[in-house]
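Enquirer: Starting off with a structure, shown below.
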């Protein structure tokens, strides 16, 4: 689709200069903005298990705060999150199935990044999930609300979505997180709490779902 392709390369280059845990902290912040999408899907369909994903993400934050690292615990959380993916062949009424599954993918890759100091590829996948979530959601929204949307070229569609308020807000938040991460050598409790909670959107996701 092209969305975020150039930005992903830019972010990857910046994150490559940071410590492995700084990268994981960036990814965990992204996951916090994606997770509410899964809540909406689970509530509407009565399927899935949001608690599994919340527990997994909480474990990541605790590891970043200095909790003793246990590979077996992370591997178990990965298996649990994989089980939280509802089979795609099922038929759902929820509009937000794709967005919910992408949230799982992001958390899975953040967990995998905890297992490997050379974790830049896993973090890059989280960044891609953010772009795919924005594009997929906004593409459908525009198809519903704009009768001429499908007549526009792909380049025009990408340009419009890239300049949508949701996209610009997410880019601004990522830039803020990156700048703050560059400024701190140690990921102390206060900084991580700011990173976890500083997306001021009333508990809603990066696409305003809750």
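The values are calculated or read from the model by the stated rules, or taken from the named source; none is laboratory data. All values reported here derive from a predicted model rather than from experimental measurement. When we count neighbours, we look across all protein chains shown, and the Cβ atoms used for this are built from the backbone with ideal geometry, even at glycine.
Enquirer: So, in the range 74-94, of the ones that are over 22 Å from residue 26 (Cβ atoms) and assigned to a helix (DSSP H, G or I), which residue ends up nearest to the chain's Cα centre (by Cα)?
Expert: 82
Enquirer: Here is a follow-up. Return a yes/no flag: does the range 122-130 have any residue that is surrounded by 18 or more Cβ atoms within 10 Å (Cβ to Cβ), touching a residue at least 24 places away in the same chain (Cβ under 8 Å) and over 20 Å from residue 13 (Cβ atoms).
Expert: no
This table checks each residue for (1) out of contact with any helix residue (DSSP H, G or I) (no Cβ under 9 Å at 6 or more places or on another chain); (2) modelled with pLDDT of 95 or more; (3) over 30 Å from residue 58 (Cβ atoms).
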| site | (1), (2), (3) |
| --- | --- |
| 145 | yes, yes, yes |
| 151 | yes, yes, yes |
| 165 | yes, yes, no |
| 170 | no, yes, no |
| 173 | no, yes, no |
| 178 | no, yes, no |
| 182 | no, yes, no |
| 195 | no, yes, no |
| 210 | no, no, no |
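Enquirer: Right, next: What's the number of the condition residue 124 fails, among (1) in a helix (DSSP H, G or I); (2) farther than 20 Å from residue 192 by Cβ; (3) more than 16 Å from the chain's Cα centre (by Cα)?
Expert: (3)
Enquirer: Please enumerate the residues belonging to the range 33-48 that are surrounded by 19 or more Cβ atoms within 10 Å (Cβ to Cβ) and either modelled with pLDDT of 95 or more or in a helix (DSSP H, G or I) (or both).
Expert: Across the range 33-48, the qualifying residues are 33, 34, 35, 36, 37, 38, 39, 40, 41, 42.
Enquirer: Answer yes or no: is there a residue in the range 49-68 that is under 17 Å from residue 116 (Cα atoms), modelled with pLDDT under 95, surrounded by fewer than 18 Cβ atoms within 10 Å (Cβ to Cβ) and out of contact with any helix residue (DSSP H, G or I) (no Cβ under 9 Å at 6 or more places or on another chain).
Expert: The answer is yes; a qualifying residue exists.
Enquirer: Within the set of pairs 6 or more residues apart or between chains, which connect a residue that is on the phi > 0 side of the Ramachandran plot inside the range 32-60 to a residue that is outside any helix (DSSP H, G or I) and at pLDDT below 95 with Cβ atoms less than 8 Å apart?
Expert: Short answer, once both residue conditions are applied: 48/84; 48/86.
Enquirer: Which condition number in (1) farther than 25 Å from residue 38 by Cα; (2) touching a helix residue (DSSP H, G or I) at 6+ places or on another chain (Cβ under 7 Å); (3) not in a loop (DSSP other than H, G, I, E, B) is the one that residue 187 fails?
Expert: Tallying (1) farther than 25 Å from residue 38 by Cα; (2) touching a helix residue (DSSP H, G or I) at 6+ places or on another chain (Cβ under 7 Å); (3) not in a loop (DSSP other than H, G, I, E, B), residue 187 fails exactly one: (3).
Enquirer: Take the range 6-32 and flag every residue that is part of a helix (DSSP H, G or I) and more than 16 Å from the chain's Cα centre (by Cα).
Expert: Correct list: 6, 9, 10, 13, 14, 16, 20, 21.
Enquirer: Are any of the residues in the range 109-118 within 13 Å of residue 26 (Cβ to Cβ), out of contact with any helix residue (DSSP H, G or I) (no Cβ under 7 Å at 6 or more places or on another chain) and in contact (Cβ under 8 Å) with a residue 60 or more places away in the chain?
Expert: no
Residues are listed down the side, and each one gets a yes or a no for (1) free of Cβ contacts under 8 Å to residues at least 24 places away in the same chain; (2) in a loop (DSSP other than H, G, I, E, B); (3) more than 21 Å from the chain's Cα centre (by Cα):
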{"residue": "139", "(1), (2), (3)": "yes, no, no"}
{"residue": "157", "(1), (2), (3)": "yes, no, yes"}
{"residue": "176", "(1), (2), (3)": "yes, no, no"}
{"residue": "181", "(1), (2), (3)": "no, no, no"}
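Enquirer: Is there a residue in the range 70-89 that is under 22 Å from residue 134 (Cβ atoms), in contact with a helix residue (DSSP H, G or I) (Cβ under 6 Å, 6 or more places away or on another chain) and surrounded by fewer than 20 Cβ atoms within 10 Å (Cβ to Cβ)?
Expert: yes
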